[in-house]
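Quick notes on the structure that follows.
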Amino acid sequence: MTGTKHVYCFGNDASGTDVTEAAGATVDEAKFIVGGKGANLAEMARIGLPVPPGFSITCQTCVAFSSAGNRWNDSAVLDEIDAAREDLEKRMGKKLGDVDDPLLVSVRSGAPFSMPGMMDTVLNLGLNDVSVEGLIAQTNNARFGWDSYRRFIQMFSNVVMGVDADLFENALTSRKLAKGVKSDTDLSADDLKDLASEFKEIFAKHVDGKKHPEVADATGKVSFPQDPKLQLRLAIEAVFGSWNNARAILYRKQNKIPDDLGTAVNVQVMVFGNKGDTSATGVAFTRNPADGTNERYGDFLINAQGEDVVAGIRNTEPIADLLKVPALKKAGKELFHIFEVLEDHYRDMMDIEFTIEQGKLWMLQTRVGKRTALSALKVALDMEKEDRISREEAILRVDPAQLDQLLHPQLDPRAKLDVLATGLNASPGAAVGEVVFSSDEAVKLAEQGRPCILVRWETNPDDLKGMVAAEGILTSHGGKTSHAAVIARGMGAPCVCGAEALRIDATRKEARVAGTKVVLHEGDVITIDGTTGRVVLGAVALVRPDLTGDLETILSWADEICMDSSRGRNIGVRANADNPADAQLSRDFGAEGIGLCRTEHMFLGERKQIIQSFILAESEGLKENALGQLLDAQKGDFLKMFEVMNGKTVIVRLLDPPLHEFLDDPRELACDIARMEERGASKEELAPKRDLLRRIDAMSEANPMLGLRGCRLGILYPGIVDMQVRAIATATAELRSRGLDPQPEIMVPLISTAEELVQLREQIENLIADIGARFSLDLTIPIGTMIELPRAALEAEEIAKHADFFSFGTNDLTQTAFGFSRDDVESAFIPTYLRRKILAYNPFETLDTGVNKLVKIALEGGHASNPKIVCGVCGETGGDPESIYMYYDDGVDYVSCSPYRVPIARLTAAQAKIKANGGAQGR
Ligand code: PEP
Ligand code: MG
């Protein structure tokens with residue numbers, strides 16, 4: 001499709017030569033040839049809109065130029081550019097550099113995806129010492145002519161030759177001072193003429209002739225290039241070169257734009273918005289990009305160039321007022337008509353740049369407008385109502401990840417921020433409160449009605465009460481699947497984790513901020529922004545965007561698509577929840593069930609003491625006693641959860657984490673003992689502490705994540721399995737006798753061999769049968785397993801013979817497939833890996849292709865031996881839109897994610913289905 005053509009013409013007079021016709025490409029395909037700007041200019045011209053003529057040099061030419069070390073390997077390309085220039089001159093009946101009536105062009109970048117302000121632009125190209133006179137003669141405006149020339153010299157010198165921009169600004173300022181004037185516009189034609197000479201001297205002095213022999217003569221003397229062909233070639237090279245400037249590289253990384261796309265260069269006839277009061281320039285959106293209202297939105301400036309609008313040096317006028325200026329009214333009417341034409345043509349809200357030159361309107365750019373989530377929803381729904389797009393298209397128009405903006409409080413976008421540190425954006429939303437360094441303090445403040453932020457090195461299960469009490473959580477260690485992150489997301493609490501600049505000293509109740517003099521003390525107020533990872537000093541105003549009915553509408557449309565079996569396969573959405581409140585929230589957000597109830601989260605608070613006494617008890621009697629107490633507590637939990645989720649599946653996972661997570665920290669205990677010894681505590685007082693430390697030490701493991709956890713716990717401590725299954729089965733039986741319809745399923749974690757499941761299943765089934773008999777019920781509870789170890793994925797065919805369902809635990813599967821410690825690597829080195837492109841993205845956030853291979857192997861194996869097996873995902877990737885697309889293609893039955901991500905997943909599930917079925921059907 002790209003062929004060997006390097007240059008495509010566009011303009012109302014260039015029919016048949018623009019890229020959409022010449023290359024037979026659609027606008028979307030053309031973007032990858034001549035960039036977004038080039039494709040849309042060609043398209044606007046094709047549909048008859050007034051576009052200044054020009055030509056685009058392809059992105060592929062840029063890629064070849066960059067790979068050859070910023071050189072032209074193929075001189076035929078330069079010939080093609082030359083031919084396009086000559087053609088443009090012919091079309092315009094003017095020549096670059098002409099002494100009587102010169103043609104001037106702009107040279108701009110334009111990549112396939114918009115990268116605003118990241119690359120270079122040169123305006124007014126074609127001016128030189130003689131053509132400036134021609135421009136003056138043509139416009140009868142010496143001031144305009146010299147101003148254009150001095151701007152060109154300034155821009156060319158800085159952008160193309162890398163001369164420090166300040167040298168020109170300083171010269172301009174000195175001139176204004178000398179003249180006693182404030183503004184550039186107060187300088188006369190003569191002043192600007194003098195400045196043009198001064199700028200040429202700066203050029204001659206600061207450009208290195210050895211580095212740029214093109215602008216030096218045989219003796220090495222440098223002068224500003226007078227040959228417009230040379231100006232053009234150098235400007236094109238500079239724009240191509242700017243694809244790889246540091247700013248552009250960073251922007252691509254942040255926006256996940258591939259580095260190998262290249263940018264096009266658009267060479268376009270200049271039009272001027274600064275030719276007096278009948279000229280103007282502006283930017284506009286066809287609708288309001290902030291809230292979606294169907295109104296003209298944007299600004300313009302009379303007698304100005306495009307840059308002046310963006311730079312904000314003069315106060316702009318609202319776009320609607322164009323009609324109030326008699327000299328601009330006709331162009332304004334035409335512009336607003338074009339808004340309609342563009343919306344009809346592109347069937348979307350568009351972003352526009354225009355110039356009015358002496359009353360004549362010119363369209364300089366259009367592209368699909370960027371918008372907030374609120375606006376995206378409203379525009380999509382309105383356009384469906386206006387019959388511009390179908391329901392399916394409306395669903396595809398909303399970026400699911402953006403919906404987060406509507407579900408959590410955000411920083412007021414107008415607020416000034418004193419950013420102290422940046423960590424991982426672990427759980428979206430913003431929170432303001434007093435710094436506290438312990439969970440107890442958080443609870444104390446919450447009781448007094450004082451909002452607080454819990455600041456910890458890393459949280460542990462013991463911190464749950466503090467996390468619940470606090471408005472937000474901030475840690476200096478741990479990644480996006482660390483304890484703090486997972487729990488915060490589950491609760492919908494804002495969380496920034498792994499903010500490494502914080503040096504927390506919880507004993508002194510202070511945190512130093514590395515690289516600054518700031519020390520945070522308990523009680524200082526901070527704001528955290530879990531959407532971006534920023535930690536801000538002081539209280540920032542928060543805004544909670546209204547949850548309009550639009551979100552509900554789009555989700556109901558999404559659900560209709562998902563439930564329509566005539567359109568093919570579905571992917572369901574469940575939630576990860578482990579308490580009745582979260583279960584209720586999940587239902588409210590439209591979850592079809594609970595895909596993961598982590599029972600360890602039910603063993604916190606005072607129950608921690610009980611499980612501790614079980615783990616540490618050295619006599620069977622004590623162990624049984626502890627289990628008895630836990631049984632009562634767990635049964636109570638399940639009664640409530642199953643009732644809230646009546647009629648819907650609740651997958652209860654048996655205890656999973658390393659047991660030491662329930663025990664006291666041996667280092668803290670040793671410190672306690674040392675302090676007691678210092679105080680002269682007696683042997684008797686010390687004995688229980690020492691005994692406790694001995695028993696905890698005896699349980700310590702070098703790699704707890706790979707140690708005694710998951711199903712291994714159940715095998716070594718069958719009493720725990722017994723207690724949990726009894727609690728689940730009894731709660732089920734009791735609710736059934738009350739006429740309810742509980743639907744629990746039991747999930748065994750961290751299986752690596754089929755035999756582990758075989759043995760545990762037998763134990764679980766026997767217990768269920770026992771309890772069923774006791775209640776005279778035919779009690780069957782499906783039993784399944786997590787697939788979260790590579791061996792389990794590879795042996796899925798064997799394991800599936802004994803499982804009613806699989807649930808992919810991609811947190812552990814990613815950890816074990818990569819050999820990455822999930823709690824350590826995200827802040828320790830994943831950022832470096834991303835920067836150095838060792839990884840394209842964080843695999844704990846978005847499903848990794850290698851891990852996906854394991855998922856596919858397991859799905860295939862599982863279905864081979866058990867065609868009815870239900871397969872879901874309950875790791876963090878289950879709530880990530882990009883991963884959900886992959887899971888849909890894999891044939892996964894459902895994803896399960898934190899309650900707040902359920903709406904996002906519902907929308908993505910519908911999008912995945914629409915895309916898999918050939919995309920949206922049009923109107
Ligand atoms: C997983 O490993 O993906 C999972 C859901 O389990 P957890 O995060 O509780 O280990
Ligand atoms: Mg796991």
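The values are calculated or read from the model by the stated rules, or taken from the named source; none is laboratory data. Keep in mind that this is a model prediction, so the values were computed, not measured. Quick reminder, even Gly has a Cβ in these numbers, built from the backbone with ideal geometry, and neighbours come from all protein chains shown. In case anyone asks, the SASA skips ligands and DNA or RNA and just uses the protein heavy atoms, side chains included. Shrake-Rupley method; radii C 1.70, N 1.55, O 1.52, S 1.80 Å.
Placing unit charges on the Cβ atoms of the charged side chains and taking the dipole of the stretch 633-750 about its Cα centre, the candidate lying farthest along the positive direction among Leu692, Leu706, Cys671 is Leu706. Under the criterion of Cα pairs below 8 Å and six or more residues apart, the relative contact order for the stretch 334-470 equals 14 percent.
The P(r) of the chain has a tail past 41 Å containing 49 percent of all C-alpha pairs. Summing Lys and Arg as +1 and Asp and Glu as -1 over all other residues whose Cβ lies under 11 Å from the Cβ of Arg607 gives a net charge of -3. Rounded to the nearest Å, what's the spacing between the alpha carbon centres of the stretch 163-201 and the stretch 730-808? Just the number, please. Computed from Cα coordinates, the inter-centre distance equals 81 Å.
Within the chain, what whole-number % of the accessible surface is contributed by carbon and sulfur, with the 1.4 Å probe and all protein chains included in the calculation? C and S fraction of accessible area: 49 percent. Each other residue within a Cβ distance under 12 Å of Ala470 adds +1 if Lys or Arg and -1 if Asp or Glu, for a net charge of -1.
If I take every Cα pair under 8 Å that is 6 or more residues apart in the stretch 133-203, average their sequence separation and divide by the length, what percent do I get for the relative contact order? RCO, the stretch 133-203: 41 percent. Under 5 Å from the amide H of Phe808 lie the amide H atoms of Ile787, Gly872, Val873, Cys874, each residue being 5 or more positions distant or on a separate chain, with H modelled from the backbone and absent for Pro and chain starts.
Note on the chain: helix-only mean residue ellipticity at 222 nm, from DSSP H runs of 4+ residues weighted -39500 (n - 2.57) and normalised by residue number, equals -13500 deg cm²/dmol.
Across the chain, the mean sequence separation of Cα contacts (distance under 8 Å, 6 or more residues apart), normalised by length, yields a relative contact order of 9 percent. With a threshold of 30 Å on the Cα-Cα distance, the over-threshold entries among Lys94/Lys330; Lys31/Lys416; Lys200/Lys330 are Lys31/Lys416; Lys200/Lys330. Under 5 Å from the amide H of Arg574 lie the amide H atoms of Glu592, Val895, Ser896, Cys897, each residue being 5 or more positions distant or on a separate chain, with H modelled from the backbone and absent for Pro and chain starts. Using the Karplus relation 6.51 cos²θ - 1.76 cosθ + 1.60 with θ = phi - 60°, the per-residue 3J(HN,Hα) values for the stretch 256-263 come to 6, 9, x, 7, 9, 7, x, 10 Hz, with x marking Gly and Pro. Please enumerate, by chain and number, the aspartates and glutamates with C-alpha under 19 Å from the C-alpha of Lys205, excluding those fewer than 8 residues away in the same chain. List returned: Asp129, Asp164, Asp166, Glu169, Asp194, Glu214, Asp217. Principal-axis analysis of the Cα atoms of the chain puts helix 373-385 at an angle of about 80° to the longest axis.
Note on exposure: His863, His206 ranked by accessible area (1.4 Å probe, complete protein assembly) read His206, His863, with the most exposed listed first. Compared with the direct C-alpha span, the chain from Lys324 to Ala698 gains 126.3 nm at full extension, assuming 0.36 nm per residue. A simple rule links phi to the HN-Hα coupling: the Karplus curve 6.51 cos²θ - 1.76 cosθ + 1.60 with θ = phi - 60°, which for the stretch 501-512 gives 5, 7, 9, 8, 10, 5, 5, 7, 6, 8, 9, 8 Hz, with x for Gly and Pro. Averaging Cα coordinates gives a centre for the stretch 211-274 and one for the stretch 561-630; these two points are 59 Å apart. The modelled label-to-label distance between Leu706 and Lys211, using points 7 Å beyond Cα along the C-beta direction, is 5.1 nm. Backbone amide hydrogens, once placed in the peptide plane, bring Glu745 within less than 5 Å of Val650, Ile651, Val652, excluding anything fewer than 5 places away on its chain.
Scalar couplings 3J(HN,Hα) for the stretch 869-886, obtained by applying the Karplus form with A = 6.51, B = -1.76, C = 1.60 to θ = phi - 60°, are 4, 8, 10, x, 10, 10, x, 4, 5, x, x, 9, x, 4, 5, 4, 4, 5 Hz; x denotes Gly and Pro.
Name the shape class, rounded, prolate or oblate, that the alpha-carbon gyration tensor gives for the stretch 133-226, where a ≥ b ≥ c are the square roots of its eigenvalues, rounded holds for a/c under 1.5, and otherwise prolate holds if a/b is larger than b/c and oblate otherwise. Here the stretch 133-226 falls in the oblate category. Counting only lysines at least 8 places from Lys640 when in the same chain, those with an alpha carbon closer than 19 Å to its own are Lys648. Near Ile202: Cβ cut-off under 12 Å, other residues only, Lys/Arg at +1 and Asp/Glu at -1. The net charge is -2. Can you return the lysines within cross-link range of Lys378? Criterion is Cα-Cα under 25 Å, with same-chain partners fewer than 8 residues away left out. In chain and number order, the partners are Lys370, Lys913, Lys915. The residues of the chain expose, per residue, 42 Å² of accessible area to a 1.4 Å probe. Peptides 722-733, 528-539, 35-46 ordered by packing proxy, namely the average of other Cβ atoms within 10 Å per residue, highest first: 35-46, 722-733, 528-539. For Cys62, Cys9, the ranking by accessible surface with the largest value first comes to Cys9, Cys62, using a 1.4 Å probe.
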